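Remarks on the structure that follows.
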Amino acid sequence: MFNFLLTPSQNALVGHLPDASIFLEGPAGTGKTTAGVARLLHQLEAWAPGEQTLLLLPQRTLAEPYLRALRQPEAPDGGTVSVLTVGGLAQRMIDLFWPVVGEAPGFARPDEPPVFLTLETAQYYMAHLARPLLDEEGLFDSVTIDRNRLYSQILDNLNKAAGVGFPVSEIGERLKSAWVGEPGQLRVYDDVQTCADRFRRFCLEHNLLDFSLQLEIFRLHLWPQPTCREYLTGTYQHLVYDNVEEDTPVAHDLIAEWLPYFNSALLIYDWDGGYRRFLGADPQSAYALKRLCTHPVDFQESLVTSPGVALLEAGMLQVLGGSDQGGGRGFERRVVTGDEEDESLADLRGTANLALDFEIQRYYPQMLDWVAEQIAWLVHNEGLPPDEIVILAPYLSDALRFALSQRLETLDIPARSHRPSRSLREEPTTECLLTLATLAHPQWGLLPSKFDVAYALMQALAEMDLVRAQLLTEIVFRTREGIPRLTSFDLIQPEVQERITYRLGERYEHLRLWLEAAAAQPAEFDHFLSRLFGEVLSQPGFGLHADFGAGEVAANLIESVQKFRWAAGDALAELGEPLGREYLLMVQEGVIAAQYMRSWQTQGQEAVLLAPAYTFLMSNRPVAVQFWLDVGSRGWSERLYQPLTHPYVLSREWELGRLWTDADEVETSQDALYRLVTGLLRRCRRGVYLGLSELGEQGYEQRGPLLQAFQRVLRWAQAPDQQRGG
């Protein structure tokens, strides 16, 4: 049938009754998703047409195992499976039933089609509305964060309101009711409410649908409609819903009402999941779906971890407190005290078989050297594929990414990084493309700095170093009456041409003439960028040739511009504003990039992955070896500083009016660390390497809770029995 090596438990689930509603639960690494893929293929072949099957996930990237299986030549025919998130389902239904609901939510133009916003275009319109309030009326004057983060946090509040199911008008009041600090913060929450209200009114006036409005319309105005409900229940007869613990309460409400209409259903739940809590994930409401299913099934035997990793996990669980069957099941966690250590860590006595390796260095660069050397040994001496290695940190800064990438490149180790929350302007490829775009469109009136031009030339021309790029820029980059232009290489004095080299001069001239020709033939901005990358920068002799990482960034940028044109192109045309100019201004404000599927795809990428820990968890794949850096940092457990929002207060479990205290902060930090550690270890086959330095990246000594937990486990695993009273 299909090339799956399944355990007896997985085989039993695949062959389960075709009319069953199954709730499959267990810890990560027990083969739940593999069983889900196998059952999906089996039901498509045996009794469930593809066009009647809905594959639902909280995040599109989690569908990769299913999509990979469905793309195989031996996959059954019979229609295409719908692979959707609840947000995608809402958008599809609004687009289909717009004439039915256009007037109900209060849209000013119900007879005109809606415009669906991405994260980036939503930030653009939020900035358009909020910028005058910040500059002229002093909103958020006490908040010291970048404006792009400010805009994204306001939008995050709107999304949480829609995902939890409370009115947008209650955002500020809910945040204020839990605040116990300085009174000035209450005004900040009032400002948040002001911006949220204005954004919602603006969307209704212009038929703009951000994620929150799409979800709200679907929940309040479409799903209750008999026509829409009959269409959905008639179209989809079979459901596979994976990673339910990462979805929002509103999504769980929808499935709770919809479940009786499915002929078959498989819901898959990870114990101790909920890594997307900051985006509204609710494991408790997800677990409540179990009682609505007819056949509960649990997998408990790990198919990933080695005995050494399992022993390390057991020790960390006992130190951090809690059951290995946690998650939304209501099990209490408790932190093990010193008096209880002897008994709770008894299993570790007399053994040093933990799958853990480390070496304490004095300085941070020395620790990075050690990490790179260990990876080189694993790859070159032990034959471990690079894609079986990940380097994780609570935050992956530009400096850390660059330092590691350089060290690995020197040791002939391919590496790639993935940071979904990274803003568009922080990618060198983006900076290069957009700087060249300003030179090709002088009528926009945007003047790049000399450094930006030099940096763009260094990126664009192969073998161009920064010294020669700066020298060339000083000579050829000119501005006249506020208009930027590049002059010919042929006009440069011969001795300077020789310093730059004629080969680089030829490449520069080719680029300059291409930009001049493009300026004479105006085109849509995304078309211009596509041609610039395809016809020049990706060709031999230019900087992005055979650079697959740069190609991915360029593709994401072009897709971003295209969606921006779809969302804002008509409005900007009416105002006479060039779309490319507005897009560049938006990027300069630091707009956070939307999620692009190609950035999450790992198949065929033989490279070491550098990523934040939570990003790796949401890729939901095991690896052989994990390197954990900055183990002493509190970033492993502490929440990001978000002065305009609060993921726990804006949740369904939080009682309105209850104060958020330090005790709540400590408890949630412990819970987050517990979930993070268990999630990482359950996705590790062979072992963990700790990058330890006495002084952290900023030069300070660190003693965070994760480091303390490892110290307690290691004290028992490595010390002689007599030192532990054994």
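The values are calculated or read from the model by the stated rules, or taken from the named source; none is laboratory data. Quick caveat, the model's predicted, so the values are computed rather than measured. All Cβ positions, glycine included, derive from the backbone under ideal geometry; neighbour counts span all protein chains shown. These accessible areas exclude ligands, DNA and RNA; they are computed on the full protein's heavy atoms, side chains included. Shrake-Rupley method; radii C 1.70, N 1.55, O 1.52, S 1.80 Å.
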For this session: Inspect all residues belonging to segment 21-30 and state whether any of them is more than 29 Å from L676 (Cβ to Cβ) and touching a residue at least 40 places away in the same chain (Cβ under 8 Å).
Result: yes
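In the set L471, L447, L439, L400, which member is buried (at least 21 other Cβ atoms within 10 Å of the Cβ) and either of a type outside the set (K, R) or not in a helix (DSSP H, G or I) (or both)?
Result of the check over L471, L447, L439, L400: L439.
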Problem set entry | Residue check for L158: more than 23 Å from L204 (Cα to Cα), assigned to a helix (DSSP H, G or I) and touching a residue at least 40 places away in the same chain (Cβ under 8 Å) | no
For this session: Could you please give the count of residues in segment 1-13 that are open to solvent by less than 10 Å² (accessible area, probe 1.4 Å) and among the hydrophobic types (A, V, I, L, M, F, W, C)?
Result: 1
Exercise. Hey, among the residues in segment 60-90 that are among the charged types (D, E, K, R) and surrounded by fewer than 18 Cβ atoms within 10 Å (Cβ to Cβ), which one's nearest to T248 (Cα to Cα)?
Worked result: R60
Exercise. So, in segment 372-386, of the ones that are without any contact (Cβ under 8 Å) to a residue 60 or more places away in the chain and not in a helix (DSSP H, G or I), which residue ends up least open to solvent (accessible area, probe 1.4 Å)?
Worked result: G383
Exercise. Does L695 fit the bill of being surrounded by fewer than 18 Cβ atoms within 10 Å (Cβ to Cβ), in contact with a helix residue (DSSP H, G or I) (Cβ under 9 Å, 6 or more places away or on another chain) and either among the hydrophobic types (A, V, I, L, M, F, W, C) or under 28 Å from G549 (Cα atoms) (or both)?
Worked result: yes
Seminar exercise, completed: Note: among R658, R652, R675, just one is at pLDDT 90 or above, out of contact with any Phe, Trp or Tyr (no Cβ under 6 Å at 6 or more places or on another chain), assigned to a helix (DSSP H, G or I) and closer than 23 Å to P249 by Cα, namely R675
Problem set entry | Where a residue in segment 632-660 is closer than 25 Å to D191 by Cα and its partner, wherever it lies, is at pLDDT below 90 and among the basic types (K, R), with Cβ under 9 Å and at least six apart | Q642/R149; L644/R149; H646/R639; P647/R277; P647/R639; Y648/R277; Y648/R639; S651/R277
Exercise. In segment 283-322, how many residues are among the polar types (S, T, N, Q), open to solvent by less than 70 Å² (accessible area, probe 1.4 Å) and either modelled with pLDDT of 90 or more or within 28 Å of G163 (Cβ to Cβ) (or both)?
Worked result: 4
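Specify which of the listed residues (R712, R686, R652) is within 22 Å of S306 (Cα to Cα), open to solvent by 40 Å² or more (accessible area, probe 1.4 Å) and in contact with a helix residue (DSSP H, G or I) (Cβ under 6 Å, 6 or more places away or on another chain).
Among R712, R686, R652, only R712 is within 22 Å of S306 (Cα to Cα), open to solvent by 40 Å² or more (accessible area, probe 1.4 Å) and in contact with a helix residue (DSSP H, G or I) (Cβ under 6 Å, 6 or more places away or on another chain).
Let's see how each residue does on (1) over 23 Å from R419 (Cα atoms); (2) surrounded by 20 or more Cβ atoms within 10 Å (Cβ to Cβ); (3) touching a helix residue (DSSP H, G or I) at 6+ places or on another chain (Cβ under 9 Å):
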{"residue": "P494", "(1), (2), (3)": "yes, no, no"}
{"residue": "Q521", "(1), (2), (3)": "yes, no, no"}
{"residue": "L532", "(1), (2), (3)": "yes, yes, yes"}
{"residue": "A550", "(1), (2), (3)": "no, yes, yes"}
{"residue": "N556", "(1), (2), (3)": "no, yes, yes"}
{"residue": "Q562", "(1), (2), (3)": "no, no, yes"}
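Here's the yes/no breakdown for (1) open to solvent by less than 50 Å² (accessible area, probe 1.4 Å); (2) farther than 22 Å from P114 by Cα; (3) touching a helix residue (DSSP H, G or I) at 6+ places or on another chain (Cβ under 6 Å):
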| position | (1), (2), (3) |
| --- | --- |
| N159 | yes, no, yes |
| L175 | yes, yes, yes |
| C195 | yes, no, yes |
| C203 | yes, no, yes |
| L213 | yes, no, yes |
| H221 | no, no, yes |
| Q225 | no, no, no |
| C228 | yes, no, yes |
Exercise. Just checking, how many residues over segment 90-102 are within 15 Å of T227 (Cβ to Cβ) and either of a type in the set (G, A, S) or more than 33 Å from the chain's Cα centre (by Cα) (or both)?
Worked result: 3
Seminar exercise, completed: Those residues of segment 129-148 that are free of Cβ contacts under 8 Å to residues at least 24 places away in the same chain, assigned to a helix (DSSP H, G or I) and of a type outside the set (A, V, I, L, M) come to a total of 4
Exercise. From the set of residues in segment 496-519 that are touching a Lys or Arg at 6+ places or on another chain (Cβ under 9 Å) and more than 30 Å from N556 (Cβ to Cβ), which is surrounded by the most Cβ atoms within 10 Å (Cβ to Cβ)?
Worked result: I500
